[in-house]
Amino acid sequence: GSITISAGSISGNTALQIEDGTVSITGGTITGQKFGICADSSYSGTVTITGGTIVKTADSDYRGAVTCYGGEILITGGSISGETTDLVSSLPDGKITLGLAEDGTGPVFPGGISLYHDEELNAYLDEGLVYWKNNNPIPVKAGQTELTGGDVTVKAECKHENVTYSAEGTTDTQHKQVCPCGYELTEDHSTEKDENQATCTDQAVCDICGES
């Protein structure tokens with residue numbers, strides 16, 4: 001069978017244990033002490049999480065707010081917070097994939113994301129996606145298991161090819177690169193071109209942004 005959770009609240013030691021069927025979580029609040037959501041080792045179906053809030057309150061490294069011992073859990077939205085551990089999967093039997101919703105948004109991990117100690121952050125991402133924090137993509141090294149220091153989201157990789165330039169919020173010698181994806185980079189003006197050098201009557205003009 002199938003079940004959809006779209007509102008309300010569920011709580012318990014293991015708030016939602018999944019052993020059979022197809023489960024879709026689009027809203028509501030799921031709070032567990034040991035596990036928020038746990039797909040059992042006997043499970044072979046698919047769980048989709050597109051919204052809602054999932055929380056694990058106990059301090060235990062090997063149990064996650066979302067834990068997958070069997071089947072697959074696809075997370076494209078919602079808020080997930082697991083105290084010390086947010087996600088746990090048991091490859092190859094259980095797999096968690098972080099993806100994007102149709103509007104291009106992904107799940108949010110308040111305060112950061114943390115995995116069980118022998119898992120890697122990049123192994124959870126769908127193709128072409130990266131982790132973001134404070135509107136900036138965060139490079140992840142091989143073997144890295146956590147990102148802390150602020151809310152972490154999942155977004156598409158951006159090469160920042162459509163940046164615009166702004167002097168707002170910078171000093172007189174700086175400008176910002178601003179990308180539609182939310183990325184910002186503050187850098188110093190550059191005046192390497194002869195025609196942009198300062199003269200007795202005119203200030204230097206930045207080669208990049210055109211500000212003087």
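Restricting attention to the range 168-182 and to residues that are open to solvent by less than 70 Å² (accessible area, probe 1.4 Å) and at pLDDT 80 or above, the residue that is nearest to the chain's Cα centre (by Cα) turns out to be Cys179. Across the range 105-137, the number of residues qualifying as surrounded by fewer than 17 Cβ atoms within 10 Å (Cβ to Cβ), at pLDDT 90 or above and either touching a Phe, Trp or Tyr at 6+ places or on another chain (Cβ under 8 Å) or of a type in the set (D, E, K, R) (or both) comes to 3. Among the conditions (1) of a type outside the set (A, V, I, L, M); (2) open to solvent by 40 Å² or more (accessible area, probe 1.4 Å); (3) at pLDDT below 85, Tyr165 misses just one, which is (3). Considering Ala167, Ala142, Ala123, Ala156, the condition of being of a type outside the set (Asp, Glu) and touching a His at 6+ places or on another chain (Cβ under 6 Å) is satisfied by Ala167 alone.
There is at least one residue in the range 57-80 that is under 20 Å from Gly8 (Cβ atoms), surrounded by fewer than 20 Cβ atoms within 10 Å (Cβ to Cβ) and under 16 Å from the mean Cα position of the chain (by Cα). Of everything in the range 81-104 that is among the hydrophobic types (A, V, I, L, M, F, W, C) and within 19 Å of Gln144 (Cα to Cα), the residue that is most open to solvent (accessible area, probe 1.4 Å) is Leu91.
Looking across the range 184-211, the residues that are open to solvent by 40 Å² or more (accessible area, probe 1.4 Å), in a loop (DSSP other than H, G, I, E, B), on the phi < 0 side of the Ramachandran plot and touching a residue at least 40 places away in the same chain (Cβ under 8 Å) come down to Ile208, Glu211. Cβ contacts < 6 Å: first residue without any contact (Cβ under 8 Å) to a residue 60 or more places away in the chain, restricted to the range 143-161; second residue of a type in the set (S, T, N, Q) and surrounded by 14 or more Cβ atoms within 10 Å (Cβ to Cβ), any location; separation 6+ or different chain. Result? Short answer, once both residue conditions are applied: Glu146/Ser114.
The values are calculated or read from the model by the stated rules, or taken from the named source; none is laboratory data. In this text, all values refer to a predicted model and were calculated from it rather than measured experimentally. Quick reminder, even Gly has a Cβ in these numbers, built from the backbone with ideal geometry, and neighbours come from all protein chains shown. Keep in mind that these areas ignore ligands, DNA and RNA; they rest on the heavy atoms of the full protein, side chains included. Shrake-Rupley method; radii C 1.70, N 1.55, O 1.52, S 1.80 Å.
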